[in-house]
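Right, one structure below, let's go through it.
Since every read-out is calculated from the coordinates, none of them should be taken as a lab result. These numbers come from a predicted model, not from an experiment. Neighbour counts run over all protein chains shown; Cβ positions are idealised from the backbone, glycine included.
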Amino acid sequence: MTPADREWRLIEEETWHGPTNMALDEVAARTAAEDGLRTARVYRWGPSTLSLGYNQSPESVDWDYCEDAGVTVTRRPTGGGGIYHDYTGDISYTLVAPADELPGDLMDAYHVLCQPILDAFSRMGIDADYVDESMPELHRPACYLRELHPAHDIVADGKKISGNAQYRQRDAVIQHGSLSYSLATDRHLGVFSDPPASETFEDRVTSIRELAGISRDEAVSAVEDALADWADADPGEWRDDELADARDLAGEKYATDAWTRETN
């Protein structure tokens, strides 16, 4: 059974507040588990957002910098380091499906769900693939500077260009990821309390704009087209009840200090 044999909806790029983006993923998991409707979505973070890994220490954040720069901070249900989702420099996606339709082995599940992301890079003219072997950690608080893992870290021209993470909730698998469209090095590092030098970041991370020279709209279209072909999905939208639930969940969980400023 392939993804195209199932019913998927593709929600084309929308802009949401950081906590709402995380709430929408959780709501989509409930929909997949209860109604069997699978979701592929592309989105951006407005305003720019730092999403912390589930167990990441809040002490790793420069809270004053984030406040002064207008950067929202939330926490993901997935592990790993923090990702600065720049409003123009980041392209994010989520795939949600019932857990029993995907491999139980984590590596195998990643390889199924990363297929359209690798295809998207190919459509952009970028030769991207999983990192061949682990690369050492450079700065633990930052996702893009953590140890690179062949299961879910995608590189191009020897540098990281996409990170992906998975979790299971409500009998559904949620995979979300970040594609680097352009580097916002100063802001990406500024959100952390003890950042490394800019050269450290730029020696490890590359971007779609640097390698392909295409516009952000063209890059987003490549991601949406790859997801649509992979899942045989037509454009869809959120139901009213899902949006209402996501608003409530964002306010009650993902936007609270108890979720974001305390280590889970």
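Set the Cα radius of gyration of segment 17-149 against 2.2 N^0.38 Å, with N its number of residues, and you get 1.14. Computed FRET efficiency, Cβ-Cβ of SER198 and GLU101, R0 25 Å: what is it to the nearest 0.05? About 0.05, to the nearest 0.05. Within the listed set LEU227, LEU102, LEU52, the residue fluctuating most in the Gaussian network model of the chain (springs between alpha-carbon atoms under 10 angstrom) is LEU102. Taking other residues whose beta carbon is less than 10 angstrom from the beta carbon of LEU102, and scoring Lys, Arg as +1 and Asp, Glu as -1, yields -3.
Sorted from fewest to most neighbouring beta carbons within 10 Å, what does the list MET135, MET107, MET22, MET124 look like? Write down the numbers at each step before the final one.
Working: MET135 18, MET107 13, MET22 27, MET124 21.
Ranked by crowding around the Cβ, least crowded first: MET107, MET135, MET124, MET22.
Length gained on full extension, ALA244 to ASP257, computed as 0.36 nm times the residue gap minus the Cα-Cα distance: 2.5 nm.
Sorted from longest to shortest, the spans of the Cα atoms of segment 114-172 along the three principal axes equal 37, 28, 17 Å.
Residues in segment 223-237 carry Karplus couplings, in order, of 5, 4, 5, 5, 5, 4, 5, 4, 9, 6, 10, 9, x, x, 8 Hz; the curve used is 6.51 cos²θ - 1.76 cosθ + 1.60 with θ = phi - 60°, and Gly or Pro positions show x. Count charges around ALA151 for me, please; just the other residues with Cβ under 11 Å from its Cβ, Lys/Arg as +1, Asp/Glu as -1. Net local charge, ALA151 excluded: -3. Taking amide H as placed 1.01 Å from N in the peptide plane, the amide H of ARG44 sits under 5 Å from that of GLU14, THR15, TRP16, each at least 5 places away or on another chain. Of the residues GLU12, GLU7, the one with the fewest other Cβ atoms within 10 Å heads the list, and the complete ranking is GLU7, GLU12. Using only alpha-carbon positions in segment 3-257, the gyration tensor eigenvalues give semi-axes of 26, 22, 17 Å once each is multiplied by 5 and square-rooted (largest first).
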